[in-house]
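The values are calculated or read from the model by the stated rules, or taken from the named source; none is laboratory data. A quick note: this is a predicted structure, and the numbers were derived from the prediction, not measured. Here the Cβ positions follow ideal geometry from the backbone for every residue, glycine too, while neighbour counts run over all protein chains shown. Ligands, DNA and RNA are excluded from the accessible area calculation, which covers all protein heavy atoms including side chains. Shrake-Rupley method; radii C 1.70, N 1.55, O 1.52, S 1.80 Å.
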Amino acid sequence: MEVVLKTTKITNIKCSWKIHNIKSKILHQFGNDYPKIRKYNRSFCVVQIKKFVYTIFWRGHINCTGIRKFSHVKKASNLFLKLMHEWCSLKCVIKKIQIDNISYCGSFHFPISLPKFSKHLKDHKHTYNPEVFPGLSIKITCGTIVIFQSGKFIIVCVRKHKHLEKYFPS
């Protein structure tokens, strides 16, 4: 039986970059004064701007989540640069943006008997323990697929969109 997945979509892209000319003294000036800070401590702060969430580590490493399309990665980084300029008059340059994780979701459009399905997965490393977690986790070369009894699934820990082509051809 061939299954066609028509509802696979990206739910989150987590990317990161490093800003080399951020000095912790400048960043500590923000304190809790900036209205969009969600968390602030001695190691990092978490800021939400529009739909993007930035975790700014005081040593210059920045993580960004809430990105739904690859075309928005650049938009999120540009918004961060604008934030840094408005916040502390810093003109920063991002030399390399790294995609750390891409999350996908989708549906088979029919329920799946996970106990039966897990018995057929001899060639793949998988975990199914309904008393601990309601999904069946299957380790694939590029990440992990978690399938639920409803037929819905999520795919996590993928670093490149092209890695999924083997499993989900377009």
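Being hydroxyl-bearing (Ser, Thr, Tyr), under 17 Å from the mean Cα position of the chain (by Cα) and outside any strand (DSSP E or B) is the filter here, so list the residues in segment 69-114 that pass it.
Correct list: SER71, SER77.
Name the residues in segment 137-154 that are modelled with pLDDT of 90 or more and either part of a strand (DSSP E or B) or among the hydroxyl-bearing types (Ser, Thr, Tyr) (or both), would you?
Correct list: SER137, ILE138, LYS139, THR144, ILE145, VAL146, ILE147, PHE148, SER150, LYS152, PHE153, ILE154.
Just the residues that are under 15 Å from the mean Cα position of the chain (by Cα) and open to solvent by 90 Å² or more (accessible area, probe 1.4 Å), please, taken from segment 150-166.
Hits for segment 150-166 are ARG159, LYS160.
Working carefully through the options ILE147, ILE94, find the one that is of a type in the set (Val, Ile, Thr), surrounded by 12 or more Cβ atoms within 10 Å (Cβ to Cβ) and over 20 Å from ILE13 (Cβ atoms). Write out each step before concluding.
Working: ILE94 fails: over 20 Å from ILE13 (Cβ atoms).
After applying the criteria, what remains is ILE147.
Considering only segment 121-129, I want to know if a residue exists there that is basic (Lys, Arg) and over 30 Å from ILE62 (Cβ atoms).
yes
Within segment 60-110, how many residues are under 25 Å from SER43 (Cβ atoms) and touching a helix residue (DSSP H, G or I) at 6+ places or on another chain (Cβ under 7 Å)?
The total comes to 9.
In the set PRO134, PRO169, which member is at pLDDT 90 or above and either of a type in the set (Lys, Arg) or over 23 Å from LYS14 (Cβ atoms) (or both)?
Being at pLDDT 90 or above and either of a type in the set (Lys, Arg) or over 23 Å from LYS14 (Cβ atoms) (or both) holds for just one of PRO134, PRO169, which is PRO134.
I'm trying to understand the selection: among the residues of segment 115-131, which are of a type outside the set (Ser, Thr, Tyr) and either assigned to a loop (DSSP other than H, G, I, E, B) or at pLDDT below 85 (or both)?
HIS120, LEU121, LYS122, ASP123, HIS124, LYS125, ASN129, PRO130, GLU131 - these are the residues of segment 115-131 that are of a type outside the set (Ser, Thr, Tyr) and either assigned to a loop (DSSP other than H, G, I, E, B) or at pLDDT below 85 (or both).
Any residue that is free of Cβ contacts under 8 Å to residues at least 60 places away in the same chain, β-branched (Val, Ile, Thr) and open to solvent by less than 20 Å² (accessible area, probe 1.4 Å) - is there at least one of those in segment 60-78? Give the steps one after another, and end with the answer.
Taking segment 60-78 and keeping what is free of Cβ contacts under 8 Å to residues at least 60 places away in the same chain, we get 60-69, 71-72, 74-75, 78.
Subsequent filtering for residues that are β-branched (Val, Ile, Thr) retains 62, 65, 67.
Pick out the ones that are also open to solvent by less than 20 Å² (accessible area, probe 1.4 Å) and you get 62, 67.
Yes.
Taking segment 110-144 as the region of interest, how many residues are loosely packed, with under 14 Cβ neighbours inside 10 Å and either over 30 Å from ILE99 (Cβ atoms) or β-branched (Val, Ile, Thr) (or both)?
Within segment 110-144, residues that are loosely packed, with under 14 Cβ neighbours inside 10 Å and either over 30 Å from ILE99 (Cβ atoms) or β-branched (Val, Ile, Thr) (or both) number 13.
What are the pairs with Cβ atoms under 8 angstrom where one residue, in segment 113-127, is over 16 Å from GLY143 (Cα atoms) and touching a residue at least 24 places away in the same chain (Cβ under 8 Å) and the other, located anywhere, is part of a loop (DSSP other than H, G, I, E, B) and open to solvent by less than 70 Å² (accessible area, probe 1.4 Å)? Sequence gap at least six, or different chains.
LEU114/TYR128
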